[in-house]
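Undergrad: Encoded as structure tokens, here's the structure I'll be asking about.
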Amino acid sequence: MLAKAWPGNKATTLDDFGASGGVAIIWDEGAITLDDIQVCNHFIQATFHITGTNVHGHLTNVYFP
Amino acid sequence: MNKIDILNTLVLINSERTYPISITGGDFNMITRLEDKRAGRAKLDNESIHFRNFIQDNCLIDMSSSNGVLTCNNKRARAQQITSHLDQFLLSDNEIHLGGDFTTSILPIIGSNHWPIKLQWQRPGNTTHRPLHFKAFYMLHPDFNNLIQAIWKNSRSLDGTKMYRF
């Protein structure tokens with residue numbers, strides 16, 4: 001589904017929890033680089049670098065039960 | 001793992017982060033203020049208070065959306081509908097050093113009972129929408145008043161308020 005919706009982009013996902021939840025990060029590698037991706041029980045965390053800048057940081061996508 | 005456990009895990013992980021900038025977004029499933037909920041039980045529980053303290057203690061900015069607050073509904077109609085501000089982006093308060101503007105906006109709902117939120121960063125160049133964050137330690141600079149005065153005097157050619165020009 002991701003390949004159909006956003007062809008060529010990268011993704012990392014965390015499955016849902018029963019009837020709800022689930023987390024996905026989808027990114028364009030030409031615009032942003034994600035490294036050190038950690039998929040935990042309720043969140044995905046990665047370091048990011050915005051292409052063409054000196055901007056680095058940490059991105060966390062959460063789902064609380 | 002309950003919500004407080006997850007918050008504590010995030011604190012632990014963030015304490016070891018490499019870069020100062022952090023962006024945390026998603027469905028927190030908690031409100032921090034009574035105004036963040038319309039209808040239903042109006043009470044801040046222990047998790048909400050813990051979440052509010054998490055935001056304050058970790059110097060995070062709750063990025064308010066330009067076009068609304070509520071991000072989730074219970075799929076009911078009329079008097080039975082409960083809507084809440086459960087989804088949000090939290091930015092570390094040092095994001096201001098990046099320059100540029102961070103803005104969030106709520107997008108149209110599609111299928112889910114949650115409205116998507118778009119976080120956008122406009123690269124430095126247009127600072128008109130940057131949120132104001134005043135730190136008391138600014139005043140400790142020995143030349144604070146003179147510095148502000150000089151900037152205001154030298155920015156007369158720019159349009160906008162003095163704070164914008166600063």
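Undergrad: With θ set to phi - 60° and the Karplus curve 6.51 cos²θ - 1.76 cosθ + 1.60, what are the ³J(HN,Hα) couplings of region A:49-62 in order, to the nearest whole Hz, using x for Gly and Pro?
TA: Computed from phi, the couplings for region A:49-62 are 9, 7, 4, x, 9, 9, 7, 10, x, 10, 10, 10, 10, 10 Hz.
Undergrad: A follow-up question, please. When a/c reaches 1.5 or more, the comparison of a/b and b/c decides; with that in mind, is region A:2-62 rounded, prolate or oblate per its Cα gyration tensor?
TA: Verdict is oblate for region A:2-62.
Undergrad: Moving on to the next point. For helix B:3-14, what angle does its Cα long axis make with the longest principal axis of chain B, in degrees from 0 to 90 and rounded to 10?
TA: 30
Undergrad: Would you mind calculating the gained length between residue B:141 and residue B:82 on full extension (0.36 nm times residue separation, minus the Cα-Cα distance), in nm to one decimal? Intermediate results must be reported in sequence, preceding the final value.
TA: Working: separation 59, 0.36 × 59 = 21.24 nm, distance 4.83 nm.
Residue separation times 0.36 nm, minus the Cα-Cα distance, leaves 16.4 nm.
Undergrad: Just to confirm a number: summing +1 for Lys and Arg and -1 for Asp and Glu over residues other than residue B:114 whose beta-carbon lies under 11 angstrom from that of residue B:114, what do you get?
TA: Net charge around residue B:114: -1.
Undergrad: Amide H to amide H, which residues 5 or more places from residue A:32 or on other chains are under 5 Å from it, using H placed in the peptide plane?
TA: Close amide H contacts, sequence-distant or interchain: A:51.
Undergrad: Same structure, new question: For the protein assembly as shown, what does the helix formula give at 222 nm: sum of -39500 (n - 2.57) over DSSP H segments with n ≥ 4, over the residue count, nearest 500 deg cm²/dmol?
TA: -5000 deg cm²/dmol
Undergrad: Which entries of B:3/B:75; B:3/B:37; B:118/B:153; A:4/B:75; A:10/B:75; A:10/B:37 show an alpha-carbon separation above 30 angstrom in the structure shown?
TA: B:118/B:153; A:10/B:75; A:10/B:37
Undergrad: Let me ask something additional. Roughly speaking, what is the centre-to-centre gap between region A:38-64 and region B:1-59 when only Cα atoms are used, to the nearest Å?
TA: 17
Undergrad: Calculate, for residue B:43 and residue B:153, the FRET efficiency according to 1/(1 + (r/R0)^6) with r their C-beta to C-beta distance and R0 41 Å; round to the nearest 0.05.
TA: About 0.20, to the nearest 0.05.
Undergrad: Hey, what did chain A get for relative contact order, percent, Cα under 8 Å, at least 6 apart?
TA: Working: 110 pairs, mean separation 16.7, N = 65.
The value is 26 percent.
Any read-out appearing in this document is the output of simple, stated calculations on the displayed coordinates, not a laboratory observation. Quick caveat, the model's predicted, so the values are computed rather than measured. Positions of Cβ are generated from backbone atoms using ideal geometry, with glycine treated the same way; all protein chains shown enter the neighbour counts.
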